[in-house]
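No value in this document is a laboratory result; all are computed from the given coordinates. All of these numbers come straight from a predicted model, not from anything done at the bench. Cβ placement follows ideal geometry from the backbone for every residue including glycine, while neighbour counts extend to all protein chains displayed.
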Amino acid sequence: MTPHSVRRAAERKEKQVLIAGESPEEFVEFGERLFNHYMPYDDEERVLVRKLVEGRWFLKRRRGVFDNVEAALYANQPDPAKWSEEDFNRLALADSYCVQAEQVVNRAQWKVDAFIRRRIDENRFQAKMDIAYNNFLLGRKKYEFSLWKAGLRPKTPAEAEEEIAPKPAAKKAFVS
């Protein structure tokens with residue numbers, strides 16, 4: 001997903017992701033930063049990064065709610081020892097929403113990290129294959145050079161194939 005498609009997705013999902021008072025521009029900028037950081041290259045990775053963007057956005061919102069609840073409680077009564085059970089329950093509920101959002105973000109982050117590890121493993125495997133192939137070519141060049149140095153010339157592929165191919169059997173006379 002390109003930064004442009006993040007913007008389109010944000011516009012389509014604005015009613016679902018954003019609530020009153022949240023900035024669509026800030027959400028788009030946040031999403032673009034994560035997409036530019038992770039650079040997903042297929043649909044599966046784009047979905048995972050989008051889930052991470054949305055999860056982090058929800059977590060930010062939940063932390064804001066928690067901070068507002070806590071600030072309101074302190075504004076109403078600066079001494080927590082004098083808070084009612086209902087006050088503590090409101091704070092605990094806001095905290096539980098934060099914990100749930102953190103779990104969603106952690107799962108999404110784990111999945112994004114998994115595709116990064118997979119990409120690293122694929123790149124490492126490809127590098128090993130490239131090294132093995134280059135070593136093979138180097139060995140072949142060394143062999144050809146040693147033949148040249150000894151005054152021999154390497155066989156062409158056609159000569160080598162001719163040497164390997166089965167020889168036609170001599171025709172036997174059929175006696176009746």
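Points to keep in mind about this one:
Okay, residues lined up against (1) farther than 29 Å from Y41 by Cα; (2) among the hydrophobic types (A, V, I, L, M, F, W, C):
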| site | (1), (2) |
| --- | --- |
| D67 | yes, no |
| F88 | yes, yes |
| M129 | no, yes |
| L147 | yes, yes |
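- Meets criteria (in contact with a helix residue (DSSP H, G or I) (Cβ under 6 Å, 6 or more places away or on another chain) and in contact (Cβ under 8 Å) with a residue 40 or more places away in the chain) for L52: yes
- The one condition in (1) without any contact (Cβ under 8 Å) to a residue 12 or more places away in the chain; (2) over 23 Å from the mean Cα position of the chain (by Cα); (3) farther than 20 Å from Q16 by Cα that G64 fails to fulfil: (3)
- One residue alone among R117, R46 is closer than 28 Å to A20 by Cα and assigned to a helix (DSSP H, G or I), and that residue is R46.
- Enumeration of residues in the range 35-44 that are of a type outside the set (S, T, N, Q) and surrounded by fewer than 18 Cβ atoms within 10 Å (Cβ to Cβ): H37, M39, Y41, D42, D43, E44
- For V47, the requirement of being surrounded by 12 or more Cβ atoms within 10 Å (Cβ to Cβ), among the β-branched types (V, I, T) and in contact (Cβ under 8 Å) with a residue 12 or more places away in the chain is not met.
- The range 56-81 - residue that is farther than 18 Å from E26 by Cβ and aromatic (F, W, Y) and, of those, surrounded by the fewest Cβ atoms within 10 Å (Cβ to Cβ): Y74
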